[in-house]
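The values are calculated or read from the model by the stated rules, or taken from the named source; none is laboratory data. Model, not experiment: these values are computed from the prediction. Remember, those area values only see protein heavy atoms, side chains included, never the ligands or the DNA or RNA. Shrake-Rupley method; radii C 1.70, N 1.55, O 1.52, S 1.80 Å.
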Amino acid sequence: MPKEEYMRLAIELAKKGEGHVNPNPMVGAVIVKNDTIIGQGYHRKYGTLHAERNAIASLTESARGATIYVTLEPCCHYGKTPPCTEAIVEQGIAKVVIGSRDPNPLVSGKGVEYLREHGIEVVEDFLREECDSINPVFFHYIRNKTPYVVMKYAMTMDGKIACHTGASKWVTGEQARAYVQELRNRYMGIMVGANTVFLDDPMLNCRMEGGRNPIRIVCDSHLKIPVNSRLVQTAGDIPVIIATTCKESERQKPYRDAGCEIIVVSEYHGRVCLKELMHRLGERNIDSILLEGGGTLNWSALEEGIVNHVMGFVAPKFFGGYPATTPVEGNGVEDPSQAVLLKNLAYKAIGEDLLIEGDIG
């Protein structure tokens, strides 16, 4: 019988690829022979060897007759690297234990079929729920060709994201803010609205050691963010995409000259159509977005149905003030029965703050 400890090790190995493999999935592999681990590996970076081949490269003895535990169905097609199924067959591995099924049409059962055709025993769906849990971004992107969107915000216990003066540094404590840097490393893009650029002049970079800067995306319907803003001025170093409804080439020119990419999309209720924007970003292989918008953009994202997951940090403090902004504004729903619901809720203390997260129902 397959052993859970080996697959759980493969899961932990897979997580080491976080922030480096997008738009590929995170995958880990462990090779076992006579109840001894003789090889292990994970997909380290997009475009490099997959987990199975890295595990084979680390072998301490022949893998003939061994079992390989892999968190995702091995690939059977040529992409940036050769098929992993071929390497498994070549090594004489006798058994393959698979966690997640691969929804990619290029694989999707074909990897399992290839292995069985070559006389290899295959066990599917082993600890599948745990293996699936590490790749919600990949599963969403491969099925929909649009980014997986995580709406993240920080608020006080009375639901404020800033004081009535607009001051917002800082709502949460240091540990929560450090955790946000991990999120910026995890997701390929980070998106804000024009108001956030006007008010905060943010960099939206990843400030963790060894982290990857996300692609910075600004929804600016009328193309009015300052050309001298830090985002625009650093577009040559860290990519910036400005989504707008403005088609005037002269208005676009200073942003393009600074190195920004302009995406013109159709208008929805007087602003950027977010659904169309998601498809355009998906075409650019952007598989995930951390939405760090203000109340207006957050409501627009919920209203258009592009949000997949919500992460709300709640700080044990009160700002008060009637005009102080909240995480989600806009017109809102007309009746409690129309509320946007979350499922699969999770709660975690991060320093002095509480993180509440869940999937859009």
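Please compute, over every Cα-Cα pair in segment 311-361, the percentage with a separation greater than 17 angstrom. That tail contains 55 percent of the Cα-Cα pairs.
Roughly how tilted is helix 4-15, in degrees to the nearest 10 and between 0 and 90, from the longest Cα axis of the chain? The helix 4-15 is inclined about 40 degrees to the chain. When the chain is treated as a Gaussian network with alpha carbon springs shorter than 10 Å, the biggest mean-square fluctuation among HIS164, HIS269, HIS43 belongs to HIS269.
Which percent of the accessible area of segment 265-349 is formed by carbon and sulfur heavy atoms (probe 1.4 angstrom)? Taking all protein chains in place, segment 265-349 shows 52 percent carbon and sulfur surface.
Starting from the Cα gyration tensor of segment 81-212, multiply each eigenvalue by 5, take the square root, and state the resulting semi-axes largest first in whole Å.
Values: eigenvalues 397, 43, 40 Å².
That gives 45, 15, 14 Å for the three semi-axes.
Helix 295-304 and the longest principal axis of the C-alpha atoms of the chain enclose an angle of approximately 50°. When shorter helices are ignored and each DSSP H run of at least 4 residues is given -39500 (n - 2.57), the per-residue value for the chain at 222 nm works out to -7500 deg cm²/dmol. Accessible area per residue for the chain, computed on protein heavy atoms with a 1.4 Å probe, is 47 Å².
Quick check: Cα centre of segment 1-56 to Cα centre of segment 92-157, how many Å? What the calculation gives is 13 Å, centre to centre. Summarising the overall dimensions of segment 170-326 from its C-alpha atoms, the Rg and Dmax are 15.6, 48 angstrom.
Expressed as a whole percent, the proportion of Cα-Cα pairs in the chain lying more than 36 Å apart is 31%.
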